[in-house]
Amino acid sequence: MGKMWRALALVVLAPIVLASCVFVPGKFDSALTIHRDRSFTFTYKGEVVAIDLKGMGGAFMKATDAEEAKKKGKDAEAELARTEAAKAANAAIAARRDDEYRKLAVELAKEAGYRSVEYRGNGIFHVDFALSGVLDHAFVYPYNQDNEIILPWIAIELRGKDALRVKAAGFARQKSDAAGLGGMGSGLMDDTAQAADRMDGTFTLTTDAEVLSQNNENGAETVGSERVIRWQIGTKTKDAPMASLRVAPLR
């Protein structure tokens, strides 16, 4: 059984390791409106935090070098020189990373739905996104294969001919068995958890469709002809917002 779970962890995490970075929410406000006729609007305004997986590799090598230095008994002067060289290398890596992120912001701003994308340094972007459409197919956000944004925070799935399921897995702390990836897997989970410490926002679902189920303990509020469910998202949120709706059947 243990081998099976490790194998599953590899399947889930392998695309992450192949990517150069992972993106998670920071401080944000997000809303989703779904109508019975399947029309919808999704918005996200706030921070997007990049976790640099290349940097993880650098941190691992630095720790390894430090252990080797102790074993070989290098003197304080040599250790100081090594530390200064590491600082210079890290500064160069950070500058190169910031340049890549600024270019990424420019590319994302060209994509449909992005009203503005601004890189503000330290791996933090500010995004204003809004997109409307018809749910005759699944919808995920964010997703951009060219720029290696491959882990969506929210997914709307078609469930049969007349139902939809909304799940915002990215708006909660994620737990994964990373044992199968060794140090890289545990490092990824540590970095993701650290980035989640910045997560703070709200996710609001508004609909005039029938609400079949939802996992907000405060329930849905009736506002006119619509039902409104509001999730408060914070650093300790463990349960991802989720709801199932009955909408007009597909033709």
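The values are calculated or read from the model by the stated rules, or taken from the named source; none is laboratory data. Note that the structure is a prediction, hence the values are computed from the model and not measured. Here the Cβ is made from the backbone with ideal geometry for all residues, glycine too, and neighbour counts use every protein chain on show.
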Could you check segment 123-196 for strands (runs of 3 or more DSSP E) lying wholly inside it with 1 or more residues that are in contact with a helix residue (DSSP H, G or I) (Cβ under 7 Å, 6 or more places away or on another chain) and either at pLDDT 95 or above or buried (at least 17 other Cβ atoms within 10 Å of the Cβ) (or both)? 124-134, 154-159
Filter result for Ala76 (of a type in the set (Gly, Ala, Ser), at pLDDT 70 or above and over 30 Å from Asp128 (Cβ atoms)): no
When you check Ala112 against the structure, is it within 17 Å of the chain's Cα centre (by Cα) and either part of a loop (DSSP other than H, G, I, E, B) or at pLDDT 95 or above (or both), yes or no? no
Residues of segment 18-50 satisfying the condition of being of a type in the set (D, E, K, R) and either touching a Leu at 6+ places or on another chain (Cβ under 9 Å) or not in a strand (DSSP E or B) (or both): Arg36, Asp37, Arg38
Counting only residues in segment 98-109 that are touching a strand residue (DSSP E or B) at 6+ places or on another chain (Cβ under 6 Å) and assigned to a helix (DSSP H, G or I), the one surrounded by the most Cβ atoms within 10 Å (Cβ to Cβ) is identified as Leu108
Hits in segment 197-226 (condition: closer than 19 Å to Ser132 by Cα and charged (D, E, K, R)): Asp208, Glu226
Is segment 49-72 home to any residue that is touching an Asp or Glu at 6+ places or on another chain (Cβ under 8 Å), of a type outside the set (Phe, Trp, Tyr), at pLDDT 85 or above and surrounded by 12 or more Cβ atoms within 10 Å (Cβ to Cβ)? yes
Considering only residues that are out of contact with any Gly (no Cβ under 7 Å at 6 or more places or on another chain), within 23 Å of Thr43 (Cα to Cα) and hydrophobic (A, V, I, L, M, F, W, C), which ones fall in segment 79-126? Leu104, Ala105, Val106, Leu108, Ala109, Ala112, Val117, Phe125
Determine whether Phe23 is aromatic (Phe, Trp, Tyr), at pLDDT 90 or above and over 29 Å from Leu212 (Cβ atoms). yes
Looking for whichever is at pLDDT 95 or above and not small (Gly, Ala, Ser) here; the options are Arg120, Arg96. Which one fits? Arg120
